[in-house]
Amino acid sequence: MKASIETKFAGSSCNDLVTTDDSGTTIISGHFDKRIRFWDTRSDSTSRDIPLQGKVTSLDLSRGEST
């Protein structure tokens, strides 16, 4: 069983999260304020913030290879 070891203030109501690697150092969050935020868990702030046209209700990260 895993436990929470840190809390980050997301800046907006967060609707979904995905991680990009097995180490869990990069987290992508989708928000009600129409933004996707990229987080480096080793830092106190977002590393990238992408504004969109509509609120983000879910995220899906494909780990497959592109051809």
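The values are calculated or read from the model by the stated rules, or taken from the named source; none is laboratory data. Note that this is a predicted model, so its numbers are computed, not measured. Backbone-built Cβ (ideal geometry, glycine too); neighbour counts: all protein chains shown. What goes into the accessible areas is simple: the full protein's heavy atoms, side chains included, and nothing from ligands, DNA or RNA. Shrake-Rupley method; radii C 1.70, N 1.55, O 1.52, S 1.80 Å.
A search for C-beta distances below 9 Å between a residue of region 19-37 that is of a type in the set (A, V, I, L, M, F, W, C) and any residue that is open to solvent by less than 60 Å² (accessible area, probe 1.4 Å) and outside any strand (DSSP E or B), counting only pairs 6+ apart in sequence or on different chains, returns 27/20; 27/41; 28/20; 28/59; 32/12; 32/56; 36/56; 36/59.
Where strands (runs of 3 or more DSSP E) sit wholly within region 15-63, those with at least 1 residues that are at pLDDT 85 or above and open to solvent by 60 Å² or more (accessible area, probe 1.4 Å) occupy 35-40, 46-51. The selection criterion, being at pLDDT 80 or above, among the basic types (Lys, Arg) and in a loop (DSSP other than H, G, I, E, B), does not hold for residue 2.
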